[in-house]
Amino acid sequence: MTKVRTRFAPSPTGYLHIGGARTALFSWLYARKMGGDFILRIEDTDLERSTQASVDAILEAMAWLDLHYDEGPFYQTQRFDRYKEVVQQLLESGHAYYCYTSKDELDAMREAQMARKEKPRYDGRWRDSTETPPAGVSPVIRFKNPLEGVVEFDDMVRGKIAISNTELDDLIIARSDGIPTYNLSVVVDDIDMGITHVIRGDDHINNTPRQINIMRALGHEPPIFGHVPMILGPDGQRLSKRHGAVNVMQYRDEGYTPEALLNYLVRLGWSHGDQEIFSREEMIQLFAAEDLNRAPSAINPDKLVWLNQHYLKTLPVEDIVKQLQWQLESQKLDISQGPRLEHVVMAQRERVHNLAEMLSASRYFYEPITSYHPDAIAKQFKPETANYLQTVQDELASIEHWQDEPIHAAIQTACEKLGVKLGKVGPALRVAVTGNTSSPSLEVTLRLVGKERSLERIANAIKFIKNS
Ligand code: GLU
């Protein structure tokens, strides 16, 4: 059996969209599942719209998602000579021809066809023409599409599809400036790169019969195609920015883990029973092209949040620490004077929705408190609180090993000495050391804030209460 080879072939005309990422994921999964190769190809032949910034953005997103490619990135702009060679080959074998039809003629053709209620198409006037070409016109080159017969293919997602050749006109394969067009370069690349399975968005399905015809004219049997339906917004409309983030990297910026995003994307268009959580390994193990959905799937942001929380709770701590790196830089938090991030992750992972929140909810471990939350002042800082905090501070000051157990015991002892319940002391203590009303458990919070800082913050709170 030939080795499976799939590819992801984005056009670098913008960031990597989550629809593109999902297509990449399905291609990658299929290759991994079948023990095959996954290839990255940058389709940058549209020189006006392609940018290096987009290439970089795509590569960055592939790396962040850890969709490792075995070959590439290949750049189509570096293969122009090869495309031109193939165009020449098609001209020589009689499968292509020069077309001198001007724009005005094409417009007139189109209008006449519309007036006759026909589908606009090139009428093939130069196909077998023996006319002398008009002077001064640089021709395009068109593919001689077969006039009869049916193009059939068995789509991995959609099943059997048949298109009559009479539906297809003679496609331009090289522009008048000699630049090969998308349909030609894709075919040449899929042949040269030995692609066995083309998994892509169904916005390309109309190109498929044309590409199959060109492949056959070049003496190759087409790969197997799988056209995945698009992703919709929750309102059933085509997914767009107004539905929220569509750029893969924006999810990183908002604090999602790549594991959660991949899990989310795989479920947009694929299912395995009613299972929702799939590790990378499990996706590979369970992936089957038969389970790709034919119907479009709609995004469900709540599910992504839920998945993200799942992964924050279950991923190895070191992985989360690594992922926090970007947040650290973007939120400009200096962690040199404070607890190790591992400890913060362990304290916060069950409590937050995302990595951005994890870090912003941890600032008080590293930075001085500049104010107390107004509600907290009113509710927790009563006149008698100063005395409570003083007793707690005395107990805490005597702790030798600043660990959860002794901290917990010291707070208990203080309550006993004061003859009050923990509920009278705990919330005020939390406000004193964090400035806020919520944080991990008191002993964990105080441990991470550190002994010296905790005592100092309690002293400041006592002063604050006495002065107000
Ligand atoms: N470059 C095309 C796109 O970004 C994909 C072509 C293909 O997968 O065949 O839409």
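The values are calculated or read from the model by the stated rules, or taken from the named source; none is laboratory data. The shown structure was predicted, so the numbers you read here are calculated from the model rather than taken from an experiment. Counting neighbours? That spans all protein chains shown, and the Cβs are built from the backbone with ideal geometry, glycine included.
Any chance you could count how many residues in segment 398-438 are in contact with a Phe, Trp or Tyr (Cβ under 9 Å, 6 or more places away or on another chain), within 17 Å of GLU456 (Cβ to Cβ) and among the small types (Gly, Ala, Ser)?
The total comes to 3.
What do you reckon, is ARG216 at pLDDT 95 or above, charged (D, E, K, R), within 13 Å of the ligand (Cβ to nearest atom) and over 22 Å from TYR75 (Cα atoms)?
It is false that ARG216 is at pLDDT 95 or above, charged (D, E, K, R), within 13 Å of the ligand (Cβ to nearest atom) and over 22 Å from TYR75 (Cα atoms).
Looking only at segment 164-185, which residues are more than 33 Å from the chain's Cα centre (by Cα) and aliphatic (A, V, I, L, M)?
LEU168, LEU171, ILE172, ALA174, listed by residue number.
Search segment 337-353 for residues that are of a type in the set (D, E, K, R) and pair each with any residue that is in a loop (DSSP other than H, G, I, E, B) and buried (at least 16 other Cβ atoms within 10 Å of the Cβ) when their beta-carbon atoms are under 9 Å apart and the residues are at least 6 apart or on different chains.
Between residues of segment 337-353 that are of a type in the set (D, E, K, R) and residues that are in a loop (DSSP other than H, G, I, E, B) and buried (at least 16 other Cβ atoms within 10 Å of the Cβ), the close pairs are ARG349/LEU315; GLU350/PRO440; ARG351/ALA361; ARG351/SER439; ARG351/PRO440.
Out of VAL198, VAL228, VAL188, VAL246, which single residue is within 16 Å of the ligand (Cβ to nearest atom), in contact (Cβ under 8 Å) with a residue 60 or more places away in the chain, under 26 Å from the mean Cα position of the chain (by Cα) and closer than 21 Å to PHE74 by Cα?
Just a single option satisfies the conditions, and that option is VAL198.
Examine segment 142-164 for a residue that is outside any strand (DSSP E or B) and touching a Cys at 6+ places or on another chain (Cβ under 8 Å), and state whether such a residue exists.
no
On the given criteria, is ILE377 among the hydrophobic types (A, V, I, L, M, F, W, C), surrounded by 13 or more Cβ atoms within 10 Å (Cβ to Cβ) and at pLDDT below 95?
yes
Please work out which residue is surrounded by the fewest Cβ atoms within 10 Å (Cβ to Cβ), limiting yourself to segment 1-59 and to residues that are among the hydroxyl-bearing types (Ser, Thr, Tyr) and under 17 Å from the mean Cα position of the chain (by Cα).
Kept after step one, since they are among the hydroxyl-bearing types (Ser, Thr, Tyr), are these residues of segment 1-59: 2, 6, 11, 13, 15, 23, 27, 30, 45, 50-51, 54.
Applying the additional criterion that residues be under 17 Å from the mean Cα position of the chain (by Cα) yields 11, 13, 15, 23, 27, 54.
On the way: SER11: 17, THR13: 13, TYR15: 19, THR23: 25, SER27: 27, SER54: 19.
So the residue we want is THR13.
For a quick check of your reading: which strands (runs of 3 or more DSSP E) sit entirely within segment 28-127 and have at least 3 residues that are among the hydrophobic types (A, V, I, L, M, F, W, C) and in contact with a Phe, Trp or Tyr (Cβ under 7 Å, 6 or more places away or on another chain)? Working first, answer last.
Working: elements: 37-42, 71-75, 96-99.
The strands (runs of 3 or more DSSP E) meeting that bar are 37-42.
Can you name the residue in segment 308-334 that is touching a Phe, Trp or Tyr at 6+ places or on another chain (Cβ under 9 Å) and over 16 Å from ALA260 (Cβ atoms) and, of all such residues, is surrounded by the most Cβ atoms within 10 Å (Cβ to Cβ)?
LEU333
Would segment 135-153 turn up any residue that is within 16 Å of the ligand (Cβ to nearest atom), acidic (Asp, Glu) and under 34 Å from the mean Cα position of the chain (by Cα)?
no
Tell me, please, whether a residue that is touching a helix residue (DSSP H, G or I) at 6+ places or on another chain (Cβ under 8 Å), more than 13 Å from the ligand (Cβ to nearest atom), touching a residue at least 12 places away in the same chain (Cβ under 8 Å) and among the charged types (D, E, K, R) can be found in segment 83-106.
No, the conditions are met nowhere in segment 83-106.
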